[in-house]
1. On the basis of being buried (at least 21 other Cβ atoms within 10 Å of the Cβ), of a type in the set (Gly, Ala, Ser), within 16 Å of ligand 2 (Cβ to nearest atom) and over 23 Å from residue 139 (Cβ atoms), does residue 62 make the cut?
2. Tally up the residues in region 274-311 that are part of a helix (DSSP H, G or I) and surrounded by fewer than 20 Cβ atoms within 10 Å (Cβ to Cβ), please.
3. Could you list all residues from region 122-143 that are of a type in the set (D, E, K, R) and buried (at least 18 other Cβ atoms within 10 Å of the Cβ)?
4. Count, please, the residues in region 66-104 that happen to be small (Gly, Ala, Ser) and not in a helix (DSSP H, G or I).
5. Would you check which residues across region 268-327 are within 16 Å of ligand 1 (Cβ to nearest atom) and on the phi > 0 side of the Ramachandran plot and list them?
6. Test residue 21 against the criterion of being exposed (fewer than 13 other Cβ atoms within 10 Å of the Cβ), assigned to a helix (DSSP H, G or I) and either within 16 Å of ligand 1 (Cβ to nearest atom) or at pLDDT below 95 (or both), and give yes or no.
7. Would you please name the residue that is farthest from ligand 1 (Cβ to nearest atom), looking only at residues in region 144-161 that are assigned to a loop (DSSP other than H, G, I, E, B) and loosely packed, with under 13 Cβ neighbours inside 10 Å?
8. When you check residue 132 against the structure, is it within 16 Å of ligand 1 (Cβ to nearest atom) and over 14 Å from the mean Cα position of the chain (by Cα), yes or no?
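The values are calculated or read from the model by the stated rules, or taken from the named source; none is laboratory data. In this text the structure is predicted, and so the values were computed from the model without any measurement. Reconstructed Cβ throughout: ideal geometry from the backbone, glycine too, with neighbour counts over all protein chains shown.
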Amino acid sequence: MKGKIAFEEHVAIEETLGNTRAFASDSGKWDEFARQILDLGAERLEHMDRAGIEYAIQSINAPGVQAILDTGEAIAAAKKGNDKLAEAAARHPDRFGAFATLPMQDPDAAAGELTRCVKEMGFKGAMVNGFTQKDVPDSAIYYDIPEYRDFWATVRDLNVPFYLHPRMQIPSRAQNYDAHPWLMSAPWGFAVETATHSLRLCGSGLFEDYPDLKIVIGHLGEFIPHALWRLDARMRFSRRGYRGKRPLGEYFLKNFVVTTSGFFHDPAMRNTLEVMGADKVLFSADYPFEQMQDAADWFDSSAVMSDEERVRVGRTNAIELFDLDLD
Ligand code: GRE
Ligand code: ZN
């Protein structure tokens with residue numbers, strides 16, 4: 001299928017490239033990977049052309065500025081990353097868009113940076129790489145707490161989606177992964193971490209206060225669509241501390257959309273489409289952690305979707321979600 005739109009596609013800046021190296025350490029492909037993640041030019045466009053991806057919204061990869069302990073440094077790195085993305089989008093406005101990376105260490109600064117990115121540089125929303133650390137390595141701040149309510153008001157006022165991307169848990173807070181570091185990252189821990197954060201947002205009353213927020217999560221919904229029925233079923237017996245007024249599943253289905261990033265598998269896609277509906281599932285690849293061609297080879301020929309659904313998931317849902325100026 002030509003004309004696809006993708007939006008979990010990552011870029012690094014030199015300041016945050018180092019913290020990605022650990023993930024790729026045993027792949028023997030670091031040089032190629034580093035070249036691909038730093039590039040916002042010919043090579044990326046070539047992959048897009050070959051995979052039938054017309055337009056891609058770019059973002060700084062995880063953990064990015066969320067792992068910078070010093071708030072001032074985080075603010076400066078976010079600005080630098082965003083300026084790099086803005087420059088690429090300005091060079092190729094019909095191919096690249098951008099998501100703001102945000103210094104969540106300071107909610108007011110994050111709101112200000114998002115406003116700058118959207119209003120002055122035409123960014124399509126935010127991509128935040130999970131919880132933020134602040135001041136000390138052993139810290140993890142989640143965005144359901146009251147300190148972030150004004151930040152969310154800004155997201156609502158700007159009327160742009162917020163993409164919650166995975167990051168790894170802090171080792172000192174992840175004893176259940178002891179001696180199994182492989183389990184903490186993309187194979188498993190990423191989804192557990194992001195799903196839990198998403199469910200915290202649902203259970204915090206956030207979507208009562210701001211019913212129009214649109215949260216995006218990748219990897220076919222980080223296992224939540226599969227678990228949604230059971231969450232609501234078991235919460236009929238145990239919902240201690242739950243601050244939503246409605247069942248959790250209602251918030252999830254109303255306020256979240258999910259992408260196919262890094263999850264190119266028919267059975268999981270079938271389940272996600274059935275639970276979410278074809279209007280709430282959107283194509284993405286997760287380049288360069290995944291190759292765009294692998295995403296496209298699966299997506300373009302998957303029998304799980306009708307051709308009409310393929311066009312919605314691959315293109316028109318994104319045009320509507322981001323109000324893109326494409327046909
Ligand atoms: C990803 O986006 O898939 C990703 C990162 C950082 C490390 C590993 C990884 O953003 O898979
Ligand atoms: Zn990703």
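1. In short, no.
2. Adding up the residues that qualify gives 12.
3. 124, 134
4. Number of matching residues: 3.
5. 286
6. Spelling it out, residue 21 is indeed exposed (fewer than 13 other Cβ atoms within 10 Å of the Cβ), assigned to a helix (DSSP H, G or I) and either within 16 Å of ligand 1 (Cβ to nearest atom) or at pLDDT below 95 (or both).
7. Selected residue: 159.
8. Judged against the criteria, residue 132 is a match.
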